[in-house]
Structure formats: structure tokens, C-alpha cells
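Report on one structure; see the data block that follows.
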Amino acid sequence: MTIDAVMDLVESLEGTTVVPHFDRLAARTKRRMYLTWPRDGLSVNVLLGDSDVTGPGLSPLWWGKKRVGLQVDLAGADDAQLEALIRAAWARK
């Protein structure tokens, strides 16, 4: 999935806005941020909480000692799995 396809998906999810987040961009609802990505558009961080999902292009995302989601390499990830992960993160709103 390309970063443009990710952007199209998040913009289609109700209540989502895209905002700057330090040196990244973030997709968020009124209550929470659920996705961040660097401006180079090569990866995304899907904020799912302590998720044990595995697959190509996926690695755990840690905030200190707390697992907060998945870091996804867009070139290596399965598009359908990534879409499902983004929708699941958004649904936690």
C-alpha cells in the first residue's frame, strides 16, 4: 500500500483529521490518535495498544517498556492486513 492509499483510507474514516505530530503526520479522531507516519511516507505506526498481530512488514512499536502498536513497512506489508489494522485502530476511538 502506498502512503497515498493510506491517506485516502484515513480520510474516508468518519471523524478523522490529519494533523502535524512533531516531525510526523497523524490521523486522529476527537478522542485519540490512531496512526502516525514520517513525512517520507515509507512506514506507518498503527496505534492498537498491546497487539500480538504478526505478518510481513510488521514489527512491534514500543513507547518505553509499553507496547503501543505496530510499525509497518509499507513496501513489505500486506495491503489487506494493513487496511484491517488501520480500521481496527480507528474503531478504538
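Its relative contact order, with pairs defined as Cα atoms under 8 Å and 6+ residues apart, puts the chain at 26 percent.
Answer rounded, prolate or oblate for the range 3-54, using the Cα gyration tensor with square roots of eigenvalues a ≥ b ≥ c: rounded when a/c is under 1.5, else prolate when a/b is larger than b/c, else oblate. Here the range 3-54 falls in the rounded category. With a 1.4 Å probe and all protein chains left in place, how much of the accessible area of the chain comes from carbon and sulfur atoms, in whole percent? Carbon and sulfur atoms account for 54 percent of the accessible area of the chain.
At a probe radius of 1.4 angstrom, the accessible area of the chain per residue rounds to 59 square angstrom.
Taking all protein chains together and a 1.4 Å probe, the residues Trp63, Trp90 rank Trp63, Trp90 from largest to smallest accessible area. Among the trypsin sites (Lys or Arg not before Pro) within the range 1-92, those in coil by DSSP and having at most 16 neighbouring Cβ atoms inside 10 Å are Lys30, Arg31, Arg32, Arg39, Lys65, Arg92.
For the chain, what does -39500 (n - 2.57) per DSSP helix run (n ≥ 4), summed and divided by total residues, give at 222 nm, in deg cm²/dmol to the nearest 500? Result for the chain, helices only: -7500 deg cm²/dmol.
One entry in (i) 90; (ii) 69; (iii) 117 is volume of the Cα convex hull per residue in Å³ calculated from the shown coordinates; its label is (i).
The values are calculated or read from the model by the stated rules, or taken from the named source; none is laboratory data. Note that the coordinates shown come from a computational prediction; the quantities given were computed from them, not determined experimentally. No Cβ is skipped: glycine too gets one built from the backbone with ideal geometry, and neighbour counts run over all protein chains shown. Areas reflect the complete protein model, heavy atoms only, side chains present, ligands, DNA and RNA absent. Shrake-Rupley method; radii C 1.70, N 1.55, O 1.52, S 1.80 Å.
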